[in-house]
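Trainee: Let me begin by handing over the structure; questions about it come next.
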Amino acid sequence: MSPIKLIGFDLDDCLFDSTGLSEKARIKGLEAMINLGLNIDKKQAVRILTEIVKEYGSNSSKHYNYFIRRLNQMEDGIEYISYNDGYKFIAAAVMAYHEEKVNSITLYDDVKESLNKLKELSIKIAIITDGIPIKQYEKILRLKIDKLIDLVVISDEIGIKKPNPELFNYCLKKFGVNGRETIYVGDRIDKDIIPANLNNIYSVYLHRGGKYDTYDPDLNLHRDLQPNYEISNLNELFNIIEEINIKEKIE
């Protein structure tokens, strides 16, 4: 029996380009407002919305509301937007935003094949993710990977949020395995690698080139901050599994 019995994955920006999809969808929302008659240059609109996302966080549901309010505080030639027109613009933006997210969500190219191969190896697969359960499950269903996943652990369901290592320990207990029988793949040092390391799980840092892909192996970081392995494609995971299995047999 293979020493590696379980592999866990982060979801957003690990299995699909969540950040890129959200950015594209926000711009689609702005374009819908402009097409409906909002008198603003697209580049200026993007700059203002980017500011708002940075200030209020990417998970806020009120980005377009704040956008309209901010336009009404500006004094550089933008016409005042009435209450009714404001909500009409917001509605158009929200519709376009969600349409883009539904139509364009897609797995990274290496995901489906890798998950199927793990199934062939009889290795259990889990997703450990922060977020609102209905939103996270919607992503999993739209990505059509629900039948390949043995367990989905969502922080808001459990009441424990990353980077609390207990969220990862919860997953280990569910499968009745220990850290040395488990690999966890994520794209963030703070929320993925550190809690995996603290549970003695083999940690794999996946370079996707996203906003959190900032790890520099040349930095002299504390051992808890360092991933056991680094990859840029999930296909590399199988060499790691083989290496760990050989190592565990020797030990």
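The values are calculated or read from the model by the stated rules, or taken from the named source; none is laboratory data. This structure is a prediction, so every number in the text was calculated from the model and none was measured. As a convention, Cβ positions derive from the backbone with ideal geometry for all residues, glycine included, and neighbour counts pool all protein chains shown. Surface areas here come from the heavy atoms of the whole protein model, side chains and all, with no ligands, DNA or RNA. Shrake-Rupley method; radii C 1.70, N 1.55, O 1.52, S 1.80 Å.
Trainee: What does the charge count near LEU141 come to, summing +1 for each Lys or Arg and -1 for each Asp or Glu among other residues with Cβ under 12 Å from its Cβ? Write out the running numbers ahead of the final one.
Mentor: Values: positive: LYS135, LYS139, ARG142, LYS144, LYS147; negative: GLU138, ASP146.
Net local charge, LEU141 excluded: +3.
Trainee: Next question. Quick one: length gained pulling GLU166 to LYS117 fully straight, 0.36 nm per residue minus the C-alpha distance?
Mentor: Details: separation 49, 0.36 × 49 = 17.64 nm, distance 2.85 nm.
My answer for the length gained is 14.8 nm.
Trainee: Based solely on C-alpha atoms, express the radius of gyration and the Dmax of the chain in angstrom.
Mentor: Rg and Dmax of the chain, Cα atoms, are 21.3, 73 Å.
Trainee: So what's the net charge close to ILE240: Lys and Arg +1, Asp and Glu -1, counting the other residues with Cβ under 12 Å from its Cβ?
Mentor: On the way: positive: LYS247; negative: GLU230, GLU236, GLU242, GLU243.
Computed value for this residue: -3.
Trainee: Please list 3J(HN,Hα) in residue order for region 40-57, calculated via the Karplus relation 6.51 cos²θ - 1.76 cosθ + 1.60 where θ = phi - 60°; whole Hz, with x for glycine and proline.
Mentor: Listing the rounded values in order: 8, 5, 4, 4, 5, 4, 4, 4, 5, 5, 4, 4, 5, 4, 5, 6, 9, x Hz.
Trainee: Mean separation of Cα pairs under 8 Å and 6+ residues apart, divided by the residue count of the chain: what relative contact order is that in percent?
Mentor: Working: 346 pairs, mean separation 59.8, N = 251.
In percent, rounded to a whole number, it is 24.
Trainee: So, one more: With every protein chain left in place, what is the accessible area of LYS174 in Å² (1.4 Å probe, nearest 10)?
Mentor: Here the accessible area works out near 120 Å².
Trainee: Okay, moving on. Report, to the nearest whole %, how much of the accessible area of the chain belongs to carbon and sulfur atoms, 1.4 Å probe, protein only. Numbers along the way, then the final one.
Mentor: On the way: 6600 of 13590 Å².
The C+S portion of the solvent-accessible surface of the chain is 49 percent.
Trainee: Helix 111-120: angle to the longest alpha-carbon principal axis of the chain, degrees 0 to 90, nearest 10?
Mentor: 30 degrees
Trainee: On a 0 to 90° scale, report how tilted helix 18-35 is relative to the longest principal axis of the chain, with both axes built from alpha carbons and the result rounded to the nearest 10.
Mentor: Once rounded, one gets 10 degrees.
Trainee: Turning to a different aspect of this structure: Between VAL102 and TYR56, what length comes free when the chain is fully extended (0.36 nm per residue of separation minus the Cα-Cα distance, one decimal in nm)? Provide the component values of the computation, followed by the final result.
Mentor: Numbers: separation 46, 0.36 × 46 = 16.56 nm, distance 2.34 nm.
Taking VAL102 through TYR56 to full extension adds about 14.2 nm, to one decimal.
Trainee: Kindly express, to the nearest 10 degrees and within the range 0 to 90, the angle between helix 165-175's C-alpha long axis and the longest C-alpha principal axis of the chain.
Mentor: It works out to around 60 degrees.
Trainee: To continue, here is another question. So how much accessible area does ASP213 have, in Å² to the nearest 10, using a 1.4 Å probe?
Mentor: Result for ASP213: roughly 50 Å² accessible.
Trainee: Could you go through region 129-141 in sequence order and give the Karplus-derived ³J(HN,Hα) for each residue, using 6.51 cos²θ - 1.76 cosθ + 1.60 with θ = phi - 60°, rounded to whole Hz, and x for Gly and Pro?
Mentor: 9, 7, x, 7, x, 5, 6, 5, 5, 4, 4, 4, 5
Trainee: What pairs from LYS62/LYS147; LYS62/LYS174; LYS62/LYS162 go past 31 Å between their alpha carbons? Intermediate results must be reported in sequence, preceding the final value.
Mentor: On the way: LYS62/LYS147 33 Å; LYS62/LYS174 37 Å; LYS62/LYS162 24 Å.
Over 31 Å apart, Cα to Cα: LYS62/LYS147; LYS62/LYS174.
Trainee: Let me ask you something else. Taking a probe of 1.4 angstrom, what is the accessible area of LYS247 in Å², to the nearest 10?
Mentor: 80 Å²
Trainee: Something else about it: Solvent-accessible area per residue for region 24-180 at a 1.4 Å probe radius, Å²? Don't skip to the answer; put the middle values down first.
Mentor: On the way: 9190 Å² over 157 residues.
Here the residues of region 24-180 average 59 Å² of exposed surface.
Trainee: Turning to a different aspect of this structure: Who wins for biggest fluctuation among TYR170, TYR56, TYR212 in a Gaussian network model of the chain, springs between alpha carbons below 10 Å?
Mentor: TYR56
Trainee: When a/c is below 1.5 the answer is rounded, else prolate if a/b is larger than b/c, else oblate, so apply that to region 102-251 with a ≥ b ≥ c taken from the square roots of the Cα gyration tensor eigenvalues.
Mentor: Details: a/c = 1.28, a/b = 1.21, b/c = 1.05.
It is rounded, given that a/c, with a ≥ b ≥ c, falls under 1.5.
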